[in-house]
Amino acid sequence: MNERSSVSIYTEWDVVAARQLGRDEAKAVGFGTVDQARITTAISELARNIYLYAGTGEIEIERLHDGKRTGLKIIASDDGPGIQDVRRVMEDGFTTSGGLGAGMPGVQRLVDEFKIETEIGKGTKITAVKWLR
């Protein structure tokens with residue numbers, strides 16, 4: 001059975017709470033400090049995007065065990081406006097917030113599996129998986 005926990009994102013403090021949950025879960029699963037930092041950075045970016053672009057949403061963190069491997073699945077979901085141009089969002093340096101633009105390409109590089117599902121006017125769900133080495 002896979003364990004799952006979540007943080008609802010409404011405020012900037014919830015972004016911090018999601019990061020902390022991610023760090024705690026990564027540590028509990030057995031990730032080293034470098035991968036813990038990768039996971040918390042990815043969660044921070046995903047949670048911040050929910051806060052900035054959708055207003056509210058949720059970060060879910062699920063412990064994965066498939067018999068051979070152990071890892072964490074991060075699901076960032078919202079009922080926001082959706083992503084107009086996914087290809088553009090996945091370009092390095094693209095930003096609409098004036099931030100550094102590490103954004104989604106940065107998150108994709110930090111994890112082992114990455115998927116964006118989005119529908120205009122309905123919201124976005126981003127799934128990221130990091131496997132224990």
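For every helix of n ≥ 4 consecutive DSSP H residues, a contribution of -39,500 (n - 2.57) applies; sum these over the chain, divide by its total residues, and give [θ] at 222 nm rounded to the nearest 500 deg cm²/dmol.
-11000 deg cm²/dmol
Computed about the Cα centre, the dipole magnitude for the chain is approximately 440 debye when only Lys and Arg (+1) and Asp and Glu (-1) carry charge, each at its Cβ. Peptides 105-117, 82-94 ranked from most to least packed give 105-117, 82-94, packing being the mean of other C-beta atoms within 10 angstrom over each peptide's residues. All other residues with a Cβ under 13 Å from the Cβ of Ile61 taken together, and with Lys, Arg as +1 and Asp, Glu as -1, what is their net charge? Counting the neighbours of Ile61, the net charge comes to +1. Taking 0.36 nm per residue of separation and subtracting the Cα-Cα distance, full extension of the segment from Lys68 to Thr41 would add 7.1 nm.
When the Cα atoms of the chain are enclosed in a convex hull and the volume is divided per residue, what value in Å³ results? Mind dumping the intermediate values first?
Values: hull volume 13.5 nm³, N = 133.
That works out to 101 Å³ per residue.
I need the semi-axes of the equivalent ellipsoid of the stretch 1-64: take the C-alpha gyration tensor, multiply each eigenvalue by 5, square-root it, list largest first in whole angstrom.
On the way: eigenvalues 84, 33, 13 Å².
Semi-axes from the Cα gyration tensor: 20, 13, 8 Å.
Compared with the dominant Cα axis of the chain, that is its longest principal axis, helix 12-29 is turned about 30°.
Every read-out reported here was derived from the displayed coordinates using simple, explicitly stated rules and does not represent laboratory data. Small disclaimer: the values here were computed from a predicted structure and weren't measured. Positions of Cβ are generated from backbone atoms using ideal geometry, with glycine treated the same way; all protein chains shown enter the neighbour counts.
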